[in-house]
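The next block holds one structure in the form of structure tokens; read it before the comments.
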Amino acid sequence: MEIKEYKRREFLGDRLLGFIVGDIQGNDYKKCIPIVNNDNLAKVAQSLGLIPHPENIPPASIRRKMKIYADAYEVRIYEIYIESGIDAVKQFVLETLF
């Protein structure tokens with residue numbers, strides 16, 4: 001997959017994640033922040049064994065590496081949406097983040 005396509009999927013996955021978490025939390029912004037921050041998403045992505053796009057793994061700081069893994073989680077959200085729809089995304093988010 002080209003890097004441009006990966007970035008597009010990550011962007012759309014991020015939007016889907018925000019929509020789902022906002023819906024679950026009743027749009028309480030303060031409750032959503034710790035759930036969707038890069039550190040939390042990265043830890044979940046690593047525990048799920050999600051592999052970031054190879055071109056996104058340059059030598060980087062810890063903060064950058066966490067963002068790379070968070071991006072992998074968001075790409076997975078996009079893929080679930082395309083494969084199975086919004087209800088499957090909601091189930092995945094509930095199982096992995098709550």
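The values are calculated or read from the model by the stated rules, or taken from the named source; none is laboratory data. What you are looking at is a predicted structure, and each value in this text was computed from that prediction instead of being measured. Here Cβ is always computed from backbone atoms with ideal geometry, including for glycine, and neighbour counts include all displayed protein chains.
Considered as a group, the residues in the stretch 62-98 that are within 20 Å of LYS4 (Cα to Cα), among the hydroxyl-bearing types (Ser, Thr, Tyr) and modelled with pLDDT of 95 or more include one that is surrounded by the most Cβ atoms within 10 Å (Cβ to Cβ), and that residue is TYR73.
Output yes when any residue across the stretch 2-11 is in a helix (DSSP H, G or I), modelled with pLDDT of 95 or more and surrounded by fewer than 18 Cβ atoms within 10 Å (Cβ to Cβ), and no when none is. Lay out the reasoning, then the answer.
Going through the stretch 2-11, the residues in a helix (DSSP H, G or I) turn out to be 3-11.
From what's left, modelled with pLDDT of 95 or more: 8-11.
This time we only want the ones that are surrounded by fewer than 18 Cβ atoms within 10 Å (Cβ to Cβ), so: 8, 11.
Scanning the stretch 2-11, I find at least one residue that is in a helix (DSSP H, G or I), modelled with pLDDT of 95 or more and surrounded by fewer than 18 Cβ atoms within 10 Å (Cβ to Cβ), so the answer is yes.
Do you know which of the residues in the stretch 17-61 that are among the hydroxyl-bearing types (Ser, Thr, Tyr) and assigned to a helix (DSSP H, G or I) is modelled with the lowest pLDDT?
Restricting attention to the stretch 17-61, the residues satisfying the condition of being among the hydroxyl-bearing types (Ser, Thr, Tyr) are 29, 47, 61.
Remaining after also requiring assigned to a helix (DSSP H, G or I): 29, 47.
Working: TYR29: 78, SER47: 95.
For the stretch 17-61, the residue satisfying everything is TYR29.
Specify the residue that is surrounded by the fewest Cβ atoms within 10 Å (Cβ to Cβ); the eligible residues are those in the stretch 20-41 that are of a type outside the set (A, V, I, L, M, F, W, C) and within 20 Å of LYS67 (Cβ to Cβ). Per the stated criteria, the residue is PRO34.
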